[in-house]
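J.: Supplied in structure tokens, the structure appears directly below.
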Amino acid sequence: MKRWFWVFDVAAVISFTVIGAESHGLTLDLAGVVRVAAPFLIALAGGVILLRAWREPLSLLNGVLLSLITLAVGMLLRRYLWDEGTPRMFLIVTGAYLFAVMVGWRLIGRTVVRFTS
């Protein structure tokens, strides 16, 4: 579990990028997805390192904090380094989605571990 937990968090960021692009009628090419996801992936990586999240990948606190760090730092990077907008609804929807998925997979993982051990 400790080696692959990050896949689910990366999938959360990539999936909201793809869903957002599709819902706004944007092109779903690899470059476009990477461009939109990059600030959030960088923020996620920084959060994982800051929290040392690999030590307790199923920690709900890690899920909450990683979703908040990914949202806040990702939006700041998007605004100031990517020179992209950060509309209020984008902030709300992104935050809700990241929180639900990043905490949700941990809840599922904890349940699976509990019933299989």
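J.: Taking the stretch 41-62 on its own, how many of its residues are more than 20 Å from PHE90 (Cα to Cα) and buried (at least 18 other Cβ atoms within 10 Å of the Cβ)?
T.: Here is the first cut: in the stretch 41-62, the residues more than 20 Å from PHE90 (Cα to Cα) are 45-62.
Filter once more, keeping what is buried (at least 18 other Cβ atoms within 10 Å of the Cβ): 47-48, 53, 57-58, 62.
The number of residues fulfilling the criteria is 6.
J.: Something else: When you scan the stretch 74-94, do you find a residue that is within 26 Å of ARG35 (Cβ to Cβ), of a type in the set (S, T, N, Q) and either under 11 Å from the mean Cα position of the chain (by Cα) or not in a helix (DSSP H, G or I) (or both), even just one? It would help to see each step written out before you state the result.
T.: From the stretch 74-94, those within 26 Å of ARG35 (Cβ to Cβ) are 74-94; that's our starting set.
Pick out the ones that are also of a type in the set (S, T, N, Q) and you get 86, 94.
Right, trim to either under 11 Å from the mean Cα position of the chain (by Cα) or not in a helix (DSSP H, G or I) (or both) and you get 86, 94.
Yes.
J.: Which is under 19 Å from ALA11 (Cα atoms) and either in contact with a Leu (Cβ under 8 Å, 6 or more places away or on another chain) or surrounded by 16 or more Cβ atoms within 10 Å (Cβ to Cβ) (or both), of ALA31, ALA72, ALA38?
T.: Numbers: ALA31 fails: either in contact with a Leu (Cβ under 8 Å, 6 or more places away or on another chain) or surrounded by 16 or more Cβ atoms within 10 Å (Cβ to Cβ) (or both); ALA72 fails: either in contact with a Leu (Cβ under 8 Å, 6 or more places away or on another chain) or surrounded by 16 or more Cβ atoms within 10 Å (Cβ to Cβ) (or both).
Of ALA31, ALA72, ALA38, the one residue that is under 19 Å from ALA11 (Cα atoms) and either in contact with a Leu (Cβ under 8 Å, 6 or more places away or on another chain) or surrounded by 16 or more Cβ atoms within 10 Å (Cβ to Cβ) (or both) is ALA38.
J.: Of the residues MET102, MET89, which single one is among the aliphatic types (A, V, I, L, M), within 20 Å of SER15 (Cα to Cα) and either exposed (fewer than 12 other Cβ atoms within 10 Å of the Cβ) or at pLDDT below 95 (or both)?
T.: Values: MET102 fails: either exposed (fewer than 12 other Cβ atoms within 10 Å of the Cβ) or at pLDDT below 95 (or both).
After ruling out the rest, the residue left standing is MET89.
J.: Assess whether LEU81 counts as being touching a residue at least 12 places away in the same chain (Cβ under 8 Å) and crowded, with 16+ Cβ neighbours inside 10 Å.
T.: Numbers: touching a residue at least 12 places away in the same chain (Cβ under 8 Å): yes; crowded, with 16+ Cβ neighbours inside 10 Å: no.
No; evaluated as a whole, the condition is false for this residue.
J.: Scanning the stretch 4-26 for residues that are hydroxyl-bearing (Ser, Thr, Tyr) and surrounded by 10 or more Cβ atoms within 10 Å (Cβ to Cβ), which turns out nearest to MET102 (Cα to Cα)?
T.: Filtering the stretch 4-26 for residues hydroxyl-bearing (Ser, Thr, Tyr) gives 15, 17, 23.
Among the residues that remain, those that are also surrounded by 10 or more Cβ atoms within 10 Å (Cβ to Cβ) are: 15, 17.
Numbers: SER15: 12, THR17: 15 Å.
Once the filter is applied, the top-ranked residue is SER15.
J.: Is it fair to say GLY109 is over 15 Å from ASP9 (Cβ atoms), out of contact with any strand residue (DSSP E or B) (no Cβ under 8 Å at 6 or more places or on another chain) and small (Gly, Ala, Ser)? Before you say what the answer is, go through the steps one by one.
T.: Working: over 15 Å from ASP9 (Cβ atoms): no; out of contact with any strand residue (DSSP E or B) (no Cβ under 8 Å at 6 or more places or on another chain): yes; small (Gly, Ala, Ser): yes.
It is false that GLY109 is over 15 Å from ASP9 (Cβ atoms), out of contact with any strand residue (DSSP E or B) (no Cβ under 8 Å at 6 or more places or on another chain) and small (Gly, Ala, Ser).
The values are calculated or read from the model by the stated rules, or taken from the named source; none is laboratory data. Keep in mind the model is a prediction, meaning the values are calculated, not measured. Cβ atoms come from the backbone with ideal geometry, glycine included; neighbour counts cover every protein chain shown.
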